[in-house]
Amino acid sequence: IKCLMDWDIDCKLFAMTFDDCSTYDDTVFRIKERLSQDRPLLKNGQLFDVRCAAHIVKSIAQDAMEALRDVTHKIRDSVKYVKSSQATQGKFNEIAQQVGLNSQKRLFLDCPMRWNSTYLMLETASEYRGAFSLLQEHETDHRMVLTEKEWEWVSSVAGYMKLCVEITNVFSGNKCPTANIYFPEICDLHIHLIEWCKSEDDFISSVALKIKAKFDKYWSKCSLALAIAAILDPRFKMKLVEYYYNAIYGSDDAPDHIKDVSDGIKELFNEYSMCSNSLDQNPARLGGNLPSTSNGTRDRLKGFDKFLHETSRSQSVISDLDKYLEEPVFPRNYDFNILNWWKVHTPRYPILSMIARDVLGVPVSIVAPELAFSTGGRVLDHHWSSLSPDTRQALICGQDWLRKELEETNPSTSHSALPLLIETN
């Protein structure tokens, strides 16, 4: 708090983004309490406390992996065994052909420090489940065999982790992410989690329920901010909220939650309207700018002129939001730049554009792209550490060239969407 005041930004803060959903609760409370002494927080502070979207996705993926830890160890050991020698690898390939497996993917040994690589290992191993089951009959030394039930768990967890990988790539694959991109991704995660909880398998449903309890804490804190950001995307407006909330809450409960969001953006709009009015001339000076019918005579309708000015302005402000929501949505295309759109349409939506400026600029995710898939700190695994300096230099230069080429062909794609994975035999 002292830093905020020393930097003279305590009165300029719209929101602050934190990592965890519970660790910083006390800190957030004290900051909000202190700031509210000098000025009321917008929406009573509901939009002030933002939790990192990439962090919750990563936490969910790690919880899923932790639940499958013993099975993952079996798969990892099995992959190590197959790749331990060329003879074993050749025997495994023969078995795969015997059972009719034509997968183009090679067995992949993960880096435990990168959860996306663990997902790739699980997904690839699932495709070879038939070959792994027969491997024990030909290789008596191999004992790490999964049961059919365990393979079903792997398939289910890998499917959910695939979604987490895709969402994380969206979050970290954008050089200049604005807050509007997060709502559909988080809603998609929510919908899949609801379906996962309905699994008839007790193990999967118990894992899903545990994960959903953590997700619900995040959703309760951030859903309104995410929804408002999506509404400020002219390609979506309220339609996207209606679409996803019907899928999440069902047709019976969705209208109430949709109304909460609608009321929320209206309240926010009204607060911005009042702030805008306070920047205009105050009532004491307002009369000096209104027309006078004569010099030196009492104008009986001077009060009416003032009333007309205030009420007309109020009506135009209210219609700002209504006009935006009533107009058709903007066509969806990949070249759309939301910041440019609001820049062009600021004269048409003067109050709403101020909201868009503040809301869309909120850093909903604060995880560095290179750490989005990391389960630890900036630590090199033994594969990376064993590389020679010349090899490391070649890899770094090669990745830099590939990133540049990718950005030139698709400017919206960032380097983080091109992970560098090294497989060693």
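The values are calculated or read from the model by the stated rules, or taken from the named source; none is laboratory data. Predicted, not measured: the structure shown is a model, and the values here were computed from it. Cβ atoms come from the backbone with ideal geometry, glycine included; neighbour counts cover every protein chain shown.
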Item to complete: State the number of residues belonging to the range 146-182 that are outside the structural domain of Gly130 (by TED's automatic domain parsing) and either closer than 21 Å to Ser205 by Cα or at pLDDT 95 or above (or both).
Response: 0
Item to complete: Would you check if there is a residue in the range 305-326 being at pLDDT 85 or above and not in a helix (DSSP H, G or I)?
Response: no
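Kindly check whether there is at least one residue in the range 373-388 that is at pLDDT 75 or above, more than 30 Å from Phe269 (Cα to Cα), of a type outside the set (Val, Ile, Thr) and surrounded by 11 or more Cβ atoms within 10 Å (Cβ to Cβ). Don't jump to the end; show me each part of the working.
First, pick out the residues of the range 373-388 that are at pLDDT 75 or above: 385-388.
If we keep only those that are more than 30 Å from Phe269 (Cα to Cα) too, we end up with 385-388.
Adding the requirement that they be of a type outside the set (Val, Ile, Thr) leaves 385-388.
The next check asks that each one be surrounded by 11 or more Cβ atoms within 10 Å (Cβ to Cβ); those that pass are 387.
Yes: the range 373-388 contains one or more residues that are at pLDDT 75 or above, more than 30 Å from Phe269 (Cα to Cα), of a type outside the set (Val, Ile, Thr) and surrounded by 11 or more Cβ atoms within 10 Å (Cβ to Cβ).
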Worksheet item: Looking only at residues in the range 159-179 that are assigned to a helix (DSSP H, G or I) and of a type in the set (Gly, Ala, Ser), which one is surrounded by the fewest Cβ atoms within 10 Å (Cβ to Cβ)?
Response: Gly159
Practice prompt. Test Ile228 against the stated conditions and say whether it is within 16 Å of Leu321 (Cβ to Cβ) and either modelled with pLDDT under 95 or not polar (S, T, N, Q) (or both).
Written response: yes
Worksheet item: Is there any pair linking a residue in the range 197-213 that is farther than 17 Å from Ala61 by Cβ to one that is surrounded by 16 or more Cβ atoms within 10 Å (Cβ to Cβ) and aromatic (Phe, Trp, Tyr), with Cβ under 7 Å and at least six apart or on different chains, and which?
Response: Phe203/Trp153
Discussion item. If Pro234 satisfies all but one of (1) touching a helix residue (DSSP H, G or I) at 6+ places or on another chain (Cβ under 7 Å); (2) part of a helix (DSSP H, G or I); (3) outside the structural domain of Leu122 (by TED's automatic domain parsing), what's the number of the condition it fails?
Written reply: (2)
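Would you call Ile60 buried (at least 16 other Cβ atoms within 10 Å of the Cβ), at pLDDT 85 or above and either β-branched (Val, Ile, Thr) or not assigned by TED's automatic domain parsing to the domain that holds Ala131 (or both)? Steps first, please.
Values: buried (at least 16 other Cβ atoms within 10 Å of the Cβ): yes; at pLDDT 85 or above: yes; either β-branched (Val, Ile, Thr) or not assigned by TED's automatic domain parsing to the domain that holds Ala131 (or both): yes.
Answer is yes for this residue.
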Response to the item:
Across (1) more than 13 Å from Asp63 (Cβ to Cβ); (2) assigned to a helix (DSSP H, G or I); (3) free of Cβ contacts under 8 Å to residues at least 60 places away in the same chain; (4) in contact with a Ser or Thr (Cβ under 9 Å, 6 or more places away or on another chain), Tyr182 clears everything bar (3)
Worksheet item: Just to be sure, is Asp260 surrounded by fewer than 21 Cβ atoms within 10 Å (Cβ to Cβ), at pLDDT 95 or above and not assigned by TED's automatic domain parsing to the domain that holds Ala61?
Response: no
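Filter the range 389-425 for residues that are among the acidic types (Asp, Glu) and modelled with pLDDT of 80 or more; which is surrounded by the fewest Cβ atoms within 10 Å (Cβ to Cβ)?
Ranking the qualifying residues of the range 389-425, first place goes to Asp390.
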